[in-house]
Amino acid sequence: MSRAQPSQTLFLPELPSDITDGVLERHFRGFVGYESCRTRNDRNGKLVGFVEFESIEDASRARESMQGASPFPGVNWHIHFSTNPARDRAPKRTTP
């Protein structure tokens, strides 16, 4: 269970190394309030993911639905709330 306070951003630690932003997006974009996602390597070189939602309620519903149901064979799927969602947020895309 996540120890962080609920936030609009979900944190997915230790993803398979071949997961892309697009693959992660396919698993979350159908949830109400989905805004964006991204992957990056943490300071230990492990791939982690962040999924952003419009509200804490939307993020909570997605987390509850996906928790423990890993779409990746052989991977333990633990979804947490981000402890620093402001830092983890991907830049908003703007259109000219």
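Observations
- Student exercise, the stretch 1-42 dipole from Lys, Arg, Asp, Glu Cβ charges, in Debye to nearest 20: 140
- Taking one quarter of the surface of the convex hull spanned by the alpha-carbon atoms of the stretch 1-84 gives a direction-averaged projected area of 5.1 nm².
- Label separation (residue 4 vs residue 46): 1.4 nm, computed from points 7 Å beyond Cα along the C-beta direction.
- Euclidean distance of C-alpha centroids, the stretch 46-64 and the stretch 6-30, integer Å: 8
- Residues whose placed amide H lies under 5 Å from that of residue 70, excluding near-sequence neighbours: 77
FYI, it's all coordinate maths here, none of it is from the lab. Everything numeric in this text was worked out from a predicted model, so none of it was measured. With ideal geometry, Cβ positions are generated from the backbone for all residues, glycine too; neighbour counts draw on all protein chains shown.
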